[in-house]
Amino acid sequence: MTKLNPLEHEELQIALRNDLEIPGHLLERFDPHVRSCRQCQHILKTSERLRKYLYKNLKTAHLSQEQLLSYVNSKPKHVQFSLPASDRQMWNQHHAHVKECSLCRMRARHLQNELALCAEIVQKTAAKFFDSGKTELAEAQPAPPVVVEQKEVTAFWSRLKLVVVVASLSLCGLAGFKFYRHQLPEYYALVKPSQDSFRDLQGQFMGKSGQGFLDETGRLLREEQIQPALEALAQIDERGLSPDELLQAGLYELMATLKASHSTMIGPFFPEFDRPRVQIMLRKMETILSQRQDFEKKPNGYWGMANFYCAKACLILEDRQRACDYLGQVIGTNIRHDRKDVAITLARELGCAGSPAKGSESGMQ
Amino acid sequence: MAKKAWHSIRKRMGGESESGGVHKQLCDKTLLLQAQNGNEQTRERLCEFIFLAAHNYARTRHLPRPHRAKDFAQEVVIEFLSQLDEIKDLGHWLYPVLVGRRAAMYRNSDSKFLDFLDETELEKIKAKSEQIDIAEIDYAAHLDFSLFLTQLSKVQNFIVSLYYLDGLRSSDIAVMLNIKSSTVRMHLMRAKKKLYNFLNPPGEAYNDETEPSRA
């Protein structure tokens, strides 16, 4: 692909106008492009024309770089003894100019530094080259240059350092992760907070039979809008609710709290629960359940669901026995609700006493 | 007297002393003499060394794209072979060659992009710049180059000279003048604009798109 897109074209023109280096990714396509692009050709022609004109005229006003190099590179002893008279005269002229012209003095200083740098590089190479034997000489040309060799050695050490640093960081991370996993609830895998969705819940358990406010909250929960649902539930005046509505509201709040208390730091990794929040909600739910003892005599779907989510909250708080008690309440009644099958499976996985054997769920329902 | 002056300049430049540094002998002078007397083995050995030294220098100091360190080193070796008989001190010859060649590459970095032009077009550009000189003679009062230089500020004058005469990059000039690289580019563009207007008839305005602020 040789064509440049408008952005690349603009980038190229900026580089040409400002005499910057051609960007690396355009280098290959530059040549075919410039043959066909009049704008780029114009920029290049103009700058070439200016450059030629300026170089020619500036040379007359100042010393050229060649003259300055020969001046900087010459020593007085060369001037006095070895150079011919014409060269000596030229050196004196250059010297007089440099003395007068601040620009040329600056240029001379720059060239002097550049020569010193060059000498340092060349002398390093010479030290290696001329001090080594004949056999090494033969290898000297194809082998990488001295500076590159030094870089390779440095690169080896830095690579080694990098490996050590990465290994230590990984170990620290692993240890931290282990410690973190240790801190997680024992039954985290059974609670499955991320898989718990309220979308599948049937209408009768999600507020269709309740009051308008609860209906709305149920809708929010079904749409997984947990935070708005919690905010709505916080505004409920519990004094005006019937026991069934109170249970319904408590159930919604428990469901939403369990969902909201689960968070993960990085994607699916490092999950955690806001346990104090769960604890408070569980207590509240237990109070609601204890207010109506007749629930056990006339159990309904909300009651069953509330027990199921209380069992989940207990698992989060690592209280297996209480979880089993709640699950036993759910399984022990003939009321059908959306979480009954899950409750049976959970009780079996937890090994709760009296939990139905595998394959007998239908009989329990 | 000249020696004293030289020492004072060296001192001001922060350069090396006479005894060492830049003029430190690179190799035994007999090697150079042997090569000059036609000893093929020594000549090859010196060529190897110069190739390696030039390559190292180019790798360390960088070259403008698309020049390669290998090509640079080869050119220096060719120059060495062509001037071998005249060389008296290898270091004394090699350092300015390396520095000068690299600077010339930067100075002519625009020319390498003019491959799209054929010979006649290149001649046209050359002729156009020659015409400017003739015009200068004809209208010396108006088109005198020194007059143009007076139109530039001192900083612009310095920057233009360092850029076009020595082929220094804006980053190098910025270090020398202790200003920002972007400021150097801005001054350079303003100077170019002035020069363009100076060289062209009043009707032809300078293309403002070339302002560096767009960069």
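Laid out as a table, the results:
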quantity: Other protein chain Cβ atoms within 10 Å, averaged over every residue that makes up B:46-59; calculated: 6
quantity: Extension gain, B:Thr183 back to B:Leu84 (0.36 nm per residue minus Cα-Cα distance, nm); calculated: 31.2 nm
quantity: Residue exposure sequence - B:Tyr196, A:Tyr326, A:Tyr252 - by fewest surrounding Cβ within 10 Å; calculated: B:Tyr196, A:Tyr326, A:Tyr252
quantity: Inter-chain Cβ neighbour average for residues A:38-46, partner chain, 10 Å; calculated: 4
quantity: Estimated FRET transfer efficiency (A:Ala127, B:Lys154; beta-carbon r; R0 56 Å; 0.05); calculated: 0.80
quantity: Whole-number percent relative contact order across the range A:1-132, with pairs defined as alpha carbons under 8 Å at least 6 apart; calculated: 16
quantity: Average other protein chain Cβ within 10 Å of Cβ, residues A:12-18; calculated: 5
quantity: Neighbour-count order for B:Ile87, B:Ile50, fewest beta carbons within 10 angstrom listed first; calculated: B:Ile87, B:Ile50
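Readers should treat all values here as calculations from the given coordinates under stated rules, not as data from a laboratory. Values in this document were obtained by computation on a predicted structure and should not be read as measured data. Cβ sites come from the backbone with ideal geometry, for glycine too, and all protein chains shown count toward neighbours.
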